[in-house]
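Below: one structure, written as structure tokens.
The values are calculated or read from the model by the stated rules, or taken from the named source; none is laboratory data. Worth saying up front: this structure is predicted, and the values here are computed from it rather than measured. Quick reminder, even Gly has a Cβ in these numbers, built from the backbone with ideal geometry, and neighbours come from all protein chains shown. Accessible surface is based on the protein model in full, side chains and every heavy atom, while ligands, DNA and RNA are left aside. Shrake-Rupley method; radii C 1.70, N 1.55, O 1.52, S 1.80 Å.
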Amino acid sequence: MESCTASSASRMLWSFTTLLSLNGYYDYNGIMKNSKINNDDSNNNVVVGNNNGNDDDEDNEATSSLTTTAFIPSSNNADNMHERQGELFHKLGGILLSSQLTPVDATYAMWAMAKASYAADMGIFDHLSEVVARGFEDDDDDDEQDKKNTLNAAVASLSVRQVSQALWACGRMIAFEDPLRDKMEFGEAIPPPYLRHAKKYASFLLSSKDKLSPKDVAQSIWALGRLKISDDSILEPFAKIAAKLSSSCNSQEIANIMWGLGTLGFDRGDIVAVLVDRITSNAQLKEECTSQEASNVMYALGQMKIHDKDAFESLSSVMMKKLSDATPQGIANALWAHEVMKISPPQGLFDCWAKKKLGIVGLIIKQDD
């Protein structure tokens, strides 16, 4: 460890976390399977990641280091794997504080910390986010120009995927700040540094909008929702890009985009209609759509106060076909959205929630006249 460089440390952490991901140690939401750690990606179990658990790393440019296999224990116990991963973060964390760390390497470490839900030392994450954001500064001081040119060169090496993953990581890590969220919103506590940096990441991504993929946009809007970044100059451009790319989005991406927009109370119904139409009118997407994704979209519609009865019926039918996979919270969110928009939900949806949550059957819900 003594001879390990900052670059090697970041890529080693990325590699170890990626190996766990590729081997199925993370569930559908990117959480360590069978882990005792309860750390949802959102207030409503919003989906982040593909069904195989490899949620946002298949296009990462980092090169896996074979040396990381030495840290993988023979045990298949997920909690043990998480513990060993935590030990690796603890041992290498200090190295990441080096001034030699590049923005690219910082994004790898940010992603790894967020994916692993490693929050034992948030100061390291703050430092990493600053390294990435430092090159986005607009300081024109002549005395700092050489340094600025160096930073700009480093930032120029960043891809939109790396920056979108850094933004996603900020959205993921804010979960550990949630107890202070109310105080932060009323200015009674100092927001974490990465909240300020996240806005710079978002602005950078918008400046490269032609290079953004549906996945980049979905990750970014989800993160904006988690971070409560509702600036019109950021949110609306992202929403327009999402609508433009909607024909290439899968159901998971649409659900994450809708969750982010709903959380922020987005009010452009025309843009939302394009996104909803994508998931409700495409037969293949409806088939691929999970009960959780359908629930998230309905919940978002409820948050945005968008009364689209056809969309609710279509998404409810998705949930009804896949009720065995639906969680009580997902069903409750869908029922809440129906109630808010004064749309009667399917009786079977309510019955399933009552059985799963309360252990009772046969309740009758009052139908609207």
### Query
Inside region 195-216, can you point out the residues that are open to solvent by less than 30 Å² (accessible area, probe 1.4 Å) and of a type in the set (Lys, Arg)?
LYS215
### Query
(1) open to solvent by 80 Å² or more (accessible area, probe 1.4 Å); (2) of a type in the set (Asp, Glu); (3) at pLDDT 90 or above; (4) farther than 19 Å from SER7 by Cβ: which one isn't true of GLU130, the others all being true?
(4)
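Given the criterion at pLDDT below 90, within 21 Å of the chain's Cα centre (by Cα) and assigned by the TED database to the domain that holds LYS244, identify the matching residue among GLN329, GLN347.
After applying the criteria, what remains is GLN329.
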### Message
When you scan region 30-37, do you find a residue that is at pLDDT below 85, under 21 Å from the mean Cα position of the chain (by Cα) and under 14 Å from ALA169 (Cα atoms), even just one?
### Response
yes
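Here's the yes/no breakdown for (1) open to solvent by 30 Å² or more (accessible area, probe 1.4 Å); (2) at pLDDT 95 or above; (3) among the basic types (Lys, Arg):
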residue	(1), (2), (3)
ALA223	no, yes, no
ILE229	no, yes, no
LEU235	no, yes, no
LYS240	yes, yes, yes
LEU245	yes, yes, no
SER248	yes, yes, no
ALA255	no, yes, no
ILE271	no, yes, no
VAL274	yes, yes, no
